[in-house]
Amino acid sequence: MPEAVTGSRSMNSTTFTHFSRGSAPAWNRWISAAVRAFGAWPRAGTTKAFGSHSPTGCGTAITAASATNSLPSRDRSSSSGGALYIRNLPQDAHLPPTPRDGFPSRRKSTFISERTLLGLSGLLGEPVGFLTEKNGQVVHDIVPVKEGATTQTNQGSAVFLNFHNDIVHDRTGYYDIANPDFLVLICLRADRAQAATTYYADARDICRMVGPDANRVLRSPLFRMNAPGSYIRDVAGDEDVLSDPAPMIKGPVGFPEISSAANGVHALSPVAETALALLQTACRAVAHEFRLRPGHALLINNRKGLHARSRFIGHYDGQDRWLQRTYVRRSQWQIRYRAVPGTRRIH
C-alpha cells in the first residue's frame, strides 16, 4: 500500500456534501436538517455541484437557505453519496494535551466536542458502544499511540491505514452484520504538520473501475475478513480470527454495499486474489481526500464505501492529532442478540 493515494481528489472537488456554519440562528435550523437528510438525493435547483464530473453525482454544496427550506422534506436515498463534511463546528475553548493511551483525557474539563459529536450522531441514528472496541465507550478518542504506531488500527500513525470499513467481530462468522451504519469523526487537534489525510472511495466508483469480471468475483464468497486489530490485540491474544467465506460486494448493481477489513482480507483462490488487487488499485484511483481540522467533522456511510488514512508523524508529546469518533446504527434491533444484560452496551 503506498503512503499517498495517487490520483485522489481533494475534498474541494467531488463526492461529498459540504456545509460551513453561517449565522448562529440559521445554523441551529439547517445543520439538523442537513444531517437528517445525509444521503438525500438533491432536487433540481436547490444545490450547486462542487464538481460536475463526479462519477457518483453526489458532490454538492448546500446553502443555509436551501438546506432549511428543502432538506427536511427529503427522504434518504440509496443513490446518494456516502460522506458529509462539516466545517466551523463549536470547539472547546481550552483543550488539554492529547491523550497518549487512546483513552479519554482526565484533564478535559469541558465537553463541547462530545456534545457536538453526539448531537450529529443522534441525527443519523443511535450511537452504540461495543465492549470489544474501546471498552464499550460511546465516544472514541482516536489518537496515535506509540505502541500501536505500525498497526492497522486507530492507534497507528507510521503506516498507511488500509482502505476498509469498520467491521465488528461477530459469532455468526460474518463481520458486516453488527457493524455500524455510520461513522462520525470530529477533529479536536490536527497533527503538527497538518499532513494526516482521510480518504473515501465510493463503492459505485470502485465497481465501475474494476470491471464486470472482477465484480462477479467480488460478489462471490471467496474472501475471509480478519477481525479488527483492536479485537485481535485485546481479545484474541494477537491471533488472527477470520470470518466465514463471504463476498466483498453485495446488493443491487446500482446500489452496492462493500466490506473490507483493514487488518487483512484473505482471498481463497487465485482469481479472488486478482480481483482483490484490482479493488485495492481502484480504491486508490477513485479516492477523495479530507484533511480534518479543529472544528471540522466528517460523517461516513460505513456501507456505501471504504475509507483509509495516510501515515503521519506521531510525537507523543501532548500535541498530536486528536479525533473523536462515534459508531452509529439506524437500529439495534437486528443485533439484540449481542446486548449485555443490565447495560446499554453491545458485546
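A compact table of results
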item	result
Unit charges on C-beta of K, R, D, E only; dipole of the stretch 250-347, Debye	520
Shape of the stretch 302-345, Cα gyration tensor, a/c cut at 1.5	oblate
Partner aspartates and glutamates for residue 146 [C-alpha distance under 13 Å; skip if fewer than 8 residues away on the same chain]	101, 317, 320
Charge tally in the Cβ shell below 11 Å around residue 192, where Lys, Arg are +1 and Asp, Glu are -1, residue 192 excluded	-1
Extreme residue, positive dipole direction of the stretch 288-347, given options 312, 332, 296 (C-beta unit charges)	332
Tensor-based shape of the stretch 225-347 (alpha-carbon gyration tensor, a/c under 1.5 rounded, otherwise prolate or oblate)	rounded
Long-range HN-HN contacts of residue 305 with modeled amide H, under 5 Å	203, 258
Size of electric dipole in the stretch 140-248: Cβ of Lys, Arg +1 and of Asp, Glu -1, about Cα centre, debye, nearest 20	300
Within the stretch 77-187: Cβ-based charge dipole about Cα centre, in debye rounded to nearest 20 (Lys, Arg +1; Asp, Glu -1)	440
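Only the coordinates and a few stated rules stand behind these numbers; no lab work does. What you are looking at is a predicted structure, and each value in this text was computed from that prediction instead of being measured. Cβ sites come from the backbone with ideal geometry, for glycine too, and all protein chains shown count toward neighbours.
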